[in-house]
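First the structure, in the form of structure tokens, and then the observations on it.
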Amino acid sequence: ARLASRSHHIYALVRSVDAKHRARDHGATPICGDLDDARSLYAVSALSENILYLAPPPNVGELDTRIANFLAVLKKTRRIPQRLVYVSTSGVYGDCDGGFVSETRKINPQTPRARRRCHAESLVRRFFEGYRMRGAVLRVPGIYSSDRLPLERLKKNIPVLNSDDDSFSNHIHADDLAKITLLALYRSRAGRIFNASDGLSTRIGDYYDLLADRARLPRPPRVSLADAKGNIPELSLSFMVESRRLLSDRMKREMRIRLRYPSVYEGIPKLVGVGG
């Protein structure tokens, strides 16, 4: 919002009083609505020519009813936006056994949350095709920034996998992702898919070691994959057993973007505050 407000008037869909205040604090005009209630969305559907869709799917099921509601309302208003960017997840690729992954790779979602994202992508891409809109689908890996780091996990001494069992992870700094998202509005062809990653994959354990060193915390213990169950929370483990190395050449070439933080080694501060 801070970046977009330099050149755009921003409307923000909110559904709580706190979100309403946050939107105003960041220079946006809040519009009340709820993606789980299609009737509440008519007020926002015809306001803008450019839409950044950042909302996650519901927490259950294998369909994203929220994006379905939103697109259905857009169709009914008959004022279709000129551009739309949908922020998805690299989880739609599933486990790639550490292989390099471009946007042409067939998706293979292996969790309900990833299947919900695939459903959303299919709806958005059909919408692009039906209305010949410009816009993009961004497949985003782990987002981080100085105030968005898994420090609590380090403090709890939760293990990571041994090097032999460890997976590759991918990242993007929040500031770079904000820039990518805005550029995608204007520098993308209709329905183009991009891996919105910095392009440097790291082993998950190495990432946590780096963060621990810079936060002056003990490095997490290492365990085998066989011993991970019961020692690593199930949700965290589901991320850790999917290994892929995202290629971001298409994004950098077609959007003509230079990242401020080309890897976590530049993006994570040299000295991380951990609070009390």
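The values are calculated or read from the model by the stated rules, or taken from the named source; none is laboratory data. Quick caveat, the model's predicted, so the values are computed rather than measured. Note that each Cβ is placed from the backbone with ideal geometry, even for glycine, and that neighbours are counted across all protein chains shown. Only protein heavy atoms, including side chains, enter the accessible area calculation; ligands, DNA and RNA are left aside. Shrake-Rupley method; radii C 1.70, N 1.55, O 1.52, S 1.80 Å.
Return the residues of the range 237-250 that are touching a helix residue (DSSP H, G or I) at 6+ places or on another chain (Cβ under 7 Å) and either loosely packed, with under 15 Cβ neighbours inside 10 Å or part of a helix (DSSP H, G or I) (or both); say none if nothing qualifies.
Leu237, Met240 - these are the residues of the range 237-250 that are touching a helix residue (DSSP H, G or I) at 6+ places or on another chain (Cβ under 7 Å) and either loosely packed, with under 15 Cβ neighbours inside 10 Å or part of a helix (DSSP H, G or I) (or both).
If Gly98 satisfies every condition in (1) in contact with a helix residue (DSSP H, G or I) (Cβ under 7 Å, 6 or more places away or on another chain); (2) on the phi > 0 side of the Ramachandran plot but one, which is the exception?
Just one mismatch for Gly98, condition (1).
So, in the range 212-232, exactly how many residues are surrounded by 14 or more Cβ atoms within 10 Å (Cβ to Cβ) and within 17 Å of Ser167 (Cα to Cα)?
Qualifying residue count, the range 212-232: 7.
Could you check the range 1-92 for helices (runs of 4 or more DSSP H) lying wholly inside it with 3 or more residues that are buried (at least 20 other Cβ atoms within 10 Å of the Cβ)?
Result: 65-77.
Please verify whether Lys106 is surrounded by fewer than 22 Cβ atoms within 10 Å (Cβ to Cβ), basic (Lys, Arg) and in a helix (DSSP H, G or I), treating the condition exactly as stated.
no
Taking only pairs six or more apart or across chains, which ones have beta-carbon atoms under 8 Å, a first residue in the range 188-201 that is over 11 Å from Arg139 (Cβ atoms) and open to solvent by less than 40 Å² (accessible area, probe 1.4 Å), and a second residue that is among the basic types (Lys, Arg) and in a loop (DSSP other than H, G, I, E, B)?
Ser201/Arg244
Please give the number of the condition Arg256 fails out of (1) exposed (fewer than 12 other Cβ atoms within 10 Å of the Cβ); (2) over 26 Å from Ile107 (Cα atoms).
With respect to (1) exposed (fewer than 12 other Cβ atoms within 10 Å of the Cβ); (2) over 26 Å from Ile107 (Cα atoms), Arg256 is out only on (2).
Listed here are the residues, each with its yes/no results for (1) modelled with pLDDT under 95; (2) part of a loop (DSSP other than H, G, I, E, B).
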| residue | (1), (2) |
| --- | --- |
| Ala114 | no, no |
| His119 | no, no |
| Phe127 | yes, no |
| Gly130 | yes, no |
| Gly135 | yes, no |
| Ile172 | no, no |
| Ile193 | no, no |
| Leu210 | no, no |
| Leu217 | no, yes |
